[in-house]
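The values are calculated or read from the model by the stated rules, or taken from the named source; none is laboratory data. Since we're looking at a predicted model, the values are computed, not measured. Positions of Cβ are backbone-derived with ideal geometry, glycine not excepted, and every protein chain shown enters the neighbour counts. These area figures cover heavy atoms from the full protein model, side chains too; ligands, DNA and RNA do not enter into them. Shrake-Rupley method; radii C 1.70, N 1.55, O 1.52, S 1.80 Å.
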Amino acid sequence: AMAIDAPQEKAAREAALAAAEAAALRERAAEARARALRVVIVDRDLKMCCPRCALIFVEYSGCNALTCPKCAAGFCAVCLKDCGADAHPHIKASAACGPEYFNRPLFDREKRKRFLARVVASVAGLAGEGAALQRAVVAELGKADLPDLGIAVAEVLAAANIRGWTCKDCTG
């Protein structure tokens, strides 16, 4: 039997402890980065804004032709097109953005489609930082932001072509 050298054993324990602490630190840093990126994506991509001055609007009622109270831009509430001073001609000519008056299913469908595209683009833009970070950001968004919009985490991951994930509904 070989005798264990106490100084070597102590050094090995200290090295293992240091490696575990470093790994835990990296994991906490990655989680913090994912949370910070979630905030950026929510603030930048999950808001309805005037296409000209970026004033945020949440809801509206009545006509889909909106006028920004800050910059007086006329824009379509459905597609967010800046229509100059008046969006009525656009609304009346567009089958996709009509009828002229508020249509909740149309508005919600277009808002969901727009937000999904924005989130997918943002997450896909993180590809250089690695799929693990992409998955972590989508998981953070999936805690509250995506469900509120009717968007599934798996839908974002698939659309962003992020590999290495499984859908719990499909895999059991």
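The figures follow:
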item: Test for residue 30: is it in contact with a Leu (Cβ under 7 Å, 6 or more places away or on another chain), open to solvent by less than 60 Å² (accessible area, probe 1.4 Å) and either farther than 30 Å from residue 127 by Cβ or outside any loop (DSSP other than H, G, I, E, B) (or both); result: yes
item: Residue check for residue 98: in contact with a Gly (Cβ under 7 Å, 6 or more places away or on another chain) and open to solvent by less than 60 Å² (accessible area, probe 1.4 Å); result: no
item: Enumeration of residues in the stretch 36-60 that are open to solvent by 40 Å² or more (accessible area, probe 1.4 Å) and either farther than 19 Å from residue 85 by Cα or of a type in the set (Lys, Arg) (or both); result: 36, 38, 39, 40, 43, 44, 47, 52, 58, 59
item: Selected residue (only one of 119, 137, 78, 156 is in contact with an Asp or Glu (Cβ under 7 Å, 6 or more places away or on another chain), open to solvent by less than 50 Å² (accessible area, probe 1.4 Å) and at pLDDT 90 or above); result: 119
